Structure formats: structure tokens, C-alpha cells
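A.B. asks: Supplied in C-alpha cells, the structure appears directly below.
The values are calculated or read from the model by the stated rules, or taken from the named source; none is laboratory data. No experiment lies behind these values; they were computed from the predicted model shown. Ideal geometry is used to build each Cβ from the backbone, glycine not excepted, and the neighbour counts take in all protein chains shown.
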Amino acid sequence: MNKAYLINQLNDLAANFDLTFDNEVLSKVIDFSQFKVFPKGTTLQSIDDDAVMVGIVLDGLVRCYYIDSNGNDITRGFIGAGKMCMDESIIGYSKYICMWETLEESTLMLCEASKLRELILGSEKLKTIWIELLESALRYKLYRENQFLTENASERYLHFKKMYSHLSKSISQKHIATYLGITPESLSRIKRTIKDD
């Protein structure tokens, strides 16, 4: 792919999240990155794989999920364009603690986490952006914990629809249900009830 084109694409994605990067920084990231298109249903990383790479979704949809002691998968979250995936590697884990899969054909920029960390830590501006991203991730984590402690399943579903309105039609009912901590049958009942209201 043409580097100037990639820089423009990355700048456009960053602008969607009110972030700005110098073209020089983006050029460095592109130099140590790979760009790959993955078919729908591809497992990108599995639990206990070495956490070496971090990804940015350029196009498509990725799901992150855990496996419980009974072998059931429990969705942690959905990652659309412009968001980071396989992020355990960049926050200090040596092994992936989640499964990562594509829910539709997805284009990812894959970077070695160690090189990306080195670039971030070498720039005050990038450190500031990194802190903002970490704060955003922490706010989301606290929000999710609060949901499960204080909201019923219907309220969690309504918040899901609001948060993922642009993606919700692309996500299966089974995956939405595991994200909400309920069964697909309960989700169907909630949707019927909400529609009746």
C-alpha cells in the first residue's frame, strides 16, 4: 500500500476520535506495521498465545471474549474502525487473556507492541495521547462494572443499543446476549418487551 495513502487514512481515523498525529510519527508506525485483511470468523489471537502484537481496526468488526470454566464464551467488547484490539500486549501482559475474532471481513494494522511502546514513551505528545486513551479505557471498564452492579438486563440492553448503535445490526444476538450477561432467550424477551412499550 502507498505510504501517503495510509498516512491519510490513519489521520482520518484519528480525527474521528479528536486525535491528531504528526505525519512523521505515522510514517514510523507504518514502517514497523503490517496491514492485513482477515476474513469473517478468523481467530486473531487465542488465550495464552504470546502477547506480541497489537492491532488497530482500520475497517470491519472484531470481538473480544473470555472462555468460562464451562467452555462458554463471554463477550468483553466489540471493536470497530479506529479502535485498538489485542491490547493486552501493549499494557504489559505477556500472554493474551482473551480470544480475538473477526465478526466481519476486517482490515487491521498490526504492530509489535514493544516497538509501539518505545515510540510512545519517546514522545511527550504521544505519552499525553496514550494517557488519554488509557483514561478512556478505564472509564469504559468502570462503566461496565457499574452496569452489572446497578442495572437490570433491560437497562444494559438499552445502553448497549446506544453505545453500539452503528454496529448493533452487524452483531449476532448470541454475542449481544453474552455481552449483557444474559441468555439469547432473555434478550429476545427484553426486545419484545421494549418493542411493546
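A.B. asks: Considering each residue of segment 91-108, count those that are within 13 Å of the chain's Cα centre (by Cα) and either within 22 Å of residue 128 (Cα to Cα) or aliphatic (A, V, I, L, M) (or both), and give that number.
C.D. replies: The total comes to 3.
A.B. asks: Related question: Any idea which residue in segment 171-196 is nearest to residue 76 (Cα to Cα), counting only those that are part of a helix (DSSP H, G or I), modelled with pLDDT of 90 or more and hydroxyl-bearing (Ser, Thr, Tyr)?
C.D. replies: 179
A.B. asks: OK, next. Could you give me the residue pairs with C-beta distances under 7 Å whose first residue belongs to segment 37-56 and is free of Cβ contacts under 8 Å to residues at least 24 places away in the same chain and under 17 Å from residue 116 (Cβ atoms), whose second residue is hydroxyl-bearing (Ser, Thr, Tyr) and surrounded by 13 or more Cβ atoms within 10 Å (Cβ to Cβ) wherever it lies, and which are 6+ apart or on separate chains?
C.D. replies: none
A.B. asks: Every residue in segment 142-167 that is among the hydroxyl-bearing types (Ser, Thr, Tyr), surrounded by 14 or more Cβ atoms within 10 Å (Cβ to Cβ) and under 25 Å from residue 102 (Cα atoms), please.
C.D. replies: So in segment 142-167, the residues among the hydroxyl-bearing types (Ser, Thr, Tyr) come out as 143, 150, 154, 157, 164-165.
When the remaining residues are screened for being surrounded by 14 or more Cβ atoms within 10 Å (Cβ to Cβ), the result is 154, 157, 164.
157, 164 - these are the residues of segment 142-167 that are among the hydroxyl-bearing types (Ser, Thr, Tyr), surrounded by 14 or more Cβ atoms within 10 Å (Cβ to Cβ) and under 25 Å from residue 102 (Cα atoms).
A.B. asks: Do you know which residues across segment 143-170 are within 16 Å of the chain's Cα centre (by Cα), in a helix (DSSP H, G or I) and not charged (D, E, K, R)?
C.D. replies: Quick first cut of segment 143-170, residues within 16 Å of the chain's Cα centre (by Cα) only: 143-144, 160, 163-168, 170.
Of the ones still in play, those that are also in a helix (DSSP H, G or I) are 143-144, 160, 163, 168, 170.
Selection gives 143, 160, 163, 168, 170.
A.B. asks: So which of 114, 89 ends up being within 23 Å of residue 55 (Cβ to Cβ), in contact with a helix residue (DSSP H, G or I) (Cβ under 8 Å, 6 or more places away or on another chain) and either modelled with pLDDT of 90 or more or among the charged types (D, E, K, R) (or both)?
C.D. replies: On the way: 114 fails: in contact with a helix residue (DSSP H, G or I) (Cβ under 8 Å, 6 or more places away or on another chain).
Step by step, each of 114, 89 is checked, and only 89 is within 23 Å of residue 55 (Cβ to Cβ), in contact with a helix residue (DSSP H, G or I) (Cβ under 8 Å, 6 or more places away or on another chain) and either modelled with pLDDT of 90 or more or among the charged types (D, E, K, R) (or both).
A.B. asks: Same structure, new question: Scanning segment 155-170 for residues that are closer than 18 Å to residue 76 by Cβ and of a type in the set (A, V, I, L, M, F, W, C), which turns out modelled with the lowest pLDDT?
C.D. replies: It comes out as 167.
A.B. asks: Moving to a separate point now. I'd like the full set of residues that are over 13 Å from the mean Cα position of the chain (by Cα), surrounded by 13 or more Cβ atoms within 10 Å (Cβ to Cβ) and of a type outside the set (Ser, Thr, Tyr), limited to segment 46-60.
C.D. replies: Start the filter on segment 46-60 by keeping residues that are over 13 Å from the mean Cα position of the chain (by Cα), which leaves 46-53.
Pick out the ones that are also surrounded by 13 or more Cβ atoms within 10 Å (Cβ to Cβ) and you get 46-47, 49, 51-53.
Answer for segment 46-60, where residues must be over 13 Å from the mean Cα position of the chain (by Cα), surrounded by 13 or more Cβ atoms within 10 Å (Cβ to Cβ) and of a type outside the set (Ser, Thr, Tyr): 47, 49, 51, 52, 53.
A.B. asks: If you go through segment 5-26 one residue at a time, do you hit one that is exposed (fewer than 13 other Cβ atoms within 10 Å of the Cβ) and touching a strand residue (DSSP E or B) at 6+ places or on another chain (Cβ under 8 Å)?
C.D. replies: No, every residue in segment 5-26 fails to be exposed (fewer than 13 other Cβ atoms within 10 Å of the Cβ) and touching a strand residue (DSSP E or B) at 6+ places or on another chain (Cβ under 8 Å).
A.B. asks: Quick one: residue 116 ticks every box in (1) crowded, with 17+ Cβ neighbours inside 10 Å; (2) under 14 Å from the mean Cα position of the chain (by Cα) except a single one, so which number is it?
C.D. replies: Status for residue 116: all satisfied but (2).
A.B. asks: Evaluate the following for residue 74: is it closer than 23 Å to residue 172 by Cβ and without any contact (Cβ under 8 Å) to a residue 40 or more places away in the chain?
C.D. replies: Numbers: closer than 23 Å to residue 172 by Cβ: yes; without any contact (Cβ under 8 Å) to a residue 40 or more places away in the chain: no.
Against the criterion (closer than 23 Å to residue 172 by Cβ and without any contact (Cβ under 8 Å) to a residue 40 or more places away in the chain), residue 74 does not qualify.
A.B. asks: Inspect all residues belonging to segment 126-138 and state whether any of them is out of contact with any Lys or Arg (no Cβ under 7 Å at 6 or more places or on another chain), closer than 30 Å to residue 189 by Cα and either in a loop (DSSP other than H, G, I, E, B) or acidic (Asp, Glu) (or both).
C.D. replies: For segment 126-138, residues out of contact with any Lys or Arg (no Cβ under 7 Å at 6 or more places or on another chain), closer than 30 Å to residue 189 by Cα and either in a loop (DSSP other than H, G, I, E, B) or acidic (Asp, Glu) (or both): absent.
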